[in-house]
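Step one of this worksheet: look at the structure below.
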Amino acid sequence: MKIMAVCGQGLGSSFMVEMNIKKVLKKLNVDAEVTHADLASIAPDQADLFVMTKDLATSSGIPADKLVVLSNIIDINDLESKLVEHFAKS
């Protein structure tokens, strides 16, 4: 599985989300490749799952079933609950 954290510029915030995703996956014992990128650089076939904020998700062109939409990028508990929810659907 490949997971990509996405932000508007592809710099600090997506890298921070990438690190948090890795922490959550380790806790959940889920193996995945995690990367980060800016919104302009992504395409739906680049990852199995994309993690981004709602404002980016609406203009991303990524199908809803491949999206985890965060309310707050620094809330690791929100990230964990949304990843658990996504994995439960898969």
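Before moving on, here are some points about what is shown:
- By the Stokes-Einstein formula, at 1.002 mPa s and 20 °C, segment 2-89 with its Kirkwood radius over alpha-carbon pairs has D equal to 170 µm²/s.
- Residue with peak Gaussian network fluctuation, the chain [Cα springs, cutoff 10 Å], from 51, 30, 68: 30
- With R₀ set to 30 Å, the beta-carbon distance separating residue 26 from residue 55 gives a calculated FRET efficiency near 0.60.
- Ordering 1-9, 35-43, 18-26 by mean Cβ neighbour count within 10 Å, with the highest value first, yields 1-9, 18-26, 35-43.
- Under the criterion of Cα pairs below 8 Å and six or more residues apart, the relative contact order for the chain equals 31 percent.
Laboratory data are not the source of any read-out in this text; all were calculated from the coordinates shown. What you are looking at is a predicted structure, and each value in this text was computed from that prediction instead of being measured. No Cβ is skipped: glycine too gets one built from the backbone with ideal geometry, and neighbour counts run over all protein chains shown.
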